[in-house]
Amino acid sequence: MADDNIIDPFGSSVVKNYDEVVKQFGLKPVDNSILDRIKNPNRFLRRGIDFGHIDFDKFLDAYEEKKPLAIMTGIKPTNEFHLGSKITAEKIIYFQKEFKAKVFFAVADLEGNVDNGLPLDQQAKTAVHNVADLFALGLNPKNAYIYRQSQERRVMNLAYLFSRRVTTNHMKNLYGERQLGLYFAAFTQAGDILLPQLEEFGGPKNVLVPVGSDQVPHIFLTRDIAEKFEKEFGFIRPSTIVHKFFKALNGESKMSKRDPMSMITLGDSPEIIRKKINMAVTGGRKTVEEQRRLGGVPEDSVVYELYNYHFVDDDNKVRKVYDNYKSGKLLDGEMKKDITEIVIKFLENHQKKRGKMLPLAEKLVYGK
Ligand code: TRP
């Protein structure tokens, strides 16, 4: 039911039914007409985690016609990257490589300031870690433009300009009645998304903006603005590909940065990982006997999602875990033990790489 879903880019979102999200926003499904056109689909595409899109087909047309392209996204530097940020990061990294496209990445500190009340200098410190995470996950710094919103005058100028042609009614329809600061964060985000199409970045182009479901209203606003300013800038309306939320470890539909035990971050130590996974919600039955007889419910298990969404690229391994769990062969304890080791190994490796990338990240964030 549509009523079960709450989509709020400035608050907490709850999605119970993704078909409803597709309908509500008029997204197109990521089906074979899309997948057949992609050489090396990543696990988000293969597994339906990227479930909907707007004009991704047009982005693919542009790629096939060898027209200029860019990838754009942003993340608020309010905290260490958690597994939700990791999905966004992995998506831009994948598209950078797959389409040999330049990545524009906004460190969304103005939004973090106006929405979360965090001072800019504190966010800059966090952003150094976040940007180092991007590099450690595989972003190629040579084909990327990374900036803080607060330092990028062009984004702010665009935001100002855009606000001229948008009425409060339009904003209310998209976001409900909110503080003007939040509306201004939305204009700033539109500035981020249209920045790659300015003359100094080569002019109009197809821009793909990978986002989670809560960001879709911003995409609509930016597409409307692109149309309103088409004459002056030649803007092409941006495309998006939308992924499902990864559930919080306690089973809530989106992780909350306000409850640190509800999410794994890329900075977690092995002890913390053990604790968090130990507490994570499973799809298990009341007794071992019952679980052997009836099997577990992988769809309810956040632990299974750690395999499927985050840490296992091998489809066969994921399918085996799914089948064995569903049939009652694999119990929660064994599954937790297995994935805990996988996560710890991944993070140890990641944190080593990230350490090496900190100096470059610091240089970029502080613009030295
Ligand atoms: N609003 C996004 C968030 O809440 C951050 C963001 C800022 C963004 N600028 C962007 C996302 C541009 C996509 C594109 O995390």
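FYI, it's all coordinate maths here, none of it is from the lab. All of these numbers come straight from a predicted model, not from anything done at the bench. Cβ atoms come from the backbone with ideal geometry, glycine included; neighbour counts cover every protein chain shown.
Straight-line cross-link partners of K228 among the lysines, defined as a Cα under 21 Å from its Cα and at least 8 positions apart when in the same chain: K58, K172, K205. So which of K67/K91; K66/K353; K39/K337; K39/K67 end up more than 24 Å apart by C-alpha? Those over the limit are K66/K353; K39/K337. What angle, in degrees between 0 and 90 and rounded to the nearest 10, separates the Cα long axis of helix 332-366 from the longest principal axis of the Cα atoms of the chain? Tilt relative to the chain: about 30 degrees. Placing pseudo-labels 7 Å out from each Cα toward the beta carbon at N278 and L180 gives an inter-label distance of 5.2 nm. The angle between the Cα long axis of helix 153-163 and the longest principal axis of the Cα atoms of the chain comes to about 80 degrees, rounded to the nearest 10. A Gaussian network model of the chain, with springs between Cα atoms under 10 Å, assigns the largest mean-square fluctuation among E200, E305, E230 to E200.
The GluC sites (Glu not before Pro) of region 58-107 that meet both conditions, a loop assignment by DSSP and at most 14 other Cβ atoms within 10 Å of the site Cβ, are E65. Taking every DSSP helix (H) stretch of at least 4 residues in the chain, weighting each as -39,500 (n - 2.57) and dividing the sum by the residue count yields a mean residue ellipticity at 222 nm of -15500 deg cm²/dmol. Ordered by the count of other Cβ atoms within 10 Å of each Cβ, fewest first, S327, S301 give S327, S301.
Here K352 is the anchor, and the lysines within straight C-alpha reach of less than 17 Å, apart from those fewer than 8 places off in the same chain, are K86. Compared with the dominant Cα axis of the chain, that is its longest principal axis, helix 180-194 is turned about 90°.
For I264, the residues whose modelled amide H falls within less than 5 Å of its own, excluding neighbours fewer than 5 places apart on the same chain, are L83. Extension gain, K352 to D61: 0.36 nm times the residue separation minus the Cα-Cα distance gives 100.9 nm. Full extension of the chain between K286 and Q151 yields a length gain of 43.2 nm, computed as 0.36 nm times the residue separation minus the alpha carbon distance. Residues E177, E334 in ascending order of nearby Cβ atoms (within 10 Å, fewest first): E177, E334. On a straight-distance basis, which aspartates and glutamates could pair with K100 in a cross-link, Cα separation under 14 angstrom, same-chain partners fewer than 8 positions away excluded? Those aspartates and glutamates meeting the cut-off are E64, E65. Structure note, pairs K16/K320; K16/K125; K76/K286; K142/K320: Cα-Cα distances above 31 angstrom occur for K16/K125; K76/K286; K142/K320.
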